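The values are calculated or read from the model by the stated rules, or taken from the named source; none is laboratory data. The structure displayed is predicted, hence computed values, not measured ones. Backbone-built Cβ (ideal geometry, glycine too); neighbour counts: all protein chains shown. Just the protein is used for accessible areas: all its heavy atoms, side chains included, with ligands, DNA and RNA removed. Shrake-Rupley method; radii C 1.70, N 1.55, O 1.52, S 1.80 Å.
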Amino acid sequence: MPGVDRSIISHRLVVDPSHRPVIQKKRYLANDRREFVKKEVSTLLAAGHIREVKYPDWFPNLVLVPKPPAWRMCVDYTDLNKACPKDPFPLPRIDQLVDKTAGSALLSFMDAFRGYHQIYMHKADEEKTAFITSDGVYCYQVMPFGLKNAGATYTRMVAQLFQGLLGKSMAAYVDDMLVKSPEVSDHAQNLAECFQVMLKYNLRLNPIKCAFAVQGGKFLGYM
């Protein structure tokens, strides 16, 4: 998964210099969770999404969030988030997106594959995302889940890349994307325009969570 080029967008951490870096007290995981973390770390290393780091200033713990049938590996960025101001980039209004989608003849629901990981961290901020495991200390080279403004950065990227399609043949809320067509005959062309943008900027979808050319489905919690 190549990710979106840094010249297009990267995630920056504007850390308030008055906040001192925090080293959290080490937490210990049960054996089954430790094995899960070990496999996840190996996967992320192989994908180039994390790298080993030796002398980080910030030192948070790992947190496993239930995501049946297993977990999602997250990092407790509570202290780091407190030191960063909120990104004011606005999220779309869900009710407006749903209202504008109602009545479409065909819909295609798309979900980005590990969407946040398709945006790189700003090089100077990579080591601020460091975390500790039983096998070593690593930092993210891509935008991890749990950072305060990750959703705003992803929304900004979608707004920039799909600016010619949003509000017309597309709707998007963070990494939930939808191609809609008032006429059945238009849907193939609308999908092609969306895919051309994805190919150009190296966006990747999760096919398991996508549904193409259907007459209905759930979008942002609404049928």
Full-extension gain in nm, LYS82 to LEU199, via 0.36 nm per residue minus C-alpha separation: 38.5 nm
So if R0 is 35 Å, what FRET efficiency would LYS25 and ALA188 give, r being the distance between their Cβ atoms, rounded to the nearest 0.05? 0.05
Rel. contact order, % - alpha carbon contacts under 8 angstrom, at least six apart, the chain: 29 percent
Cα centroids of region 72-138 and region 154-171: how far apart, whole angstrom? 16 Å
State the percentage of accessible surface on region 83-223 attributable to carbon and sulfur atoms; use a 1.4 Å probe and exclude ligands, DNA and RNA. 55 percent
Of PRO68, PRO85, PRO144, which has the largest mean-square fluctuation in a 10 Å C-alpha GNM of the chain? PRO68
Simple SL model, points at 7 angstrom along Cα→Cβ for SER42 and LYS100; separation in nm is 4.6 nm
Rounding to the nearest 20 debye, state how big the charge dipole of the chain is about its Cα centre with +1 on each Lys and Arg Cβ and -1 on each Asp and Glu Cβ. 480 debye
A correct Kirkwood calculation over the Cα atoms of region 6-126 returns a hydrodynamic radius in Å of 18.0 Å
Direction-averaged shadow area of the convex hull around the Cα atoms of region 156-202, nm²? 3.2 nm²
Rounded to the nearest 20 debye, what is the charge dipole size of region 24-92 about its Cα centre when +1 sits on each Lys and Arg Cβ and -1 on each Asp and Glu Cβ? 180 debye
Computed over the Cα atoms of the chain, what is the ratio Rg over Rh, Rh following Kirkwood? 1.01
Given a 1.4 Å probe, the accessible area of region 43-135 per residue, as a whole number of Å², is 52 Å²
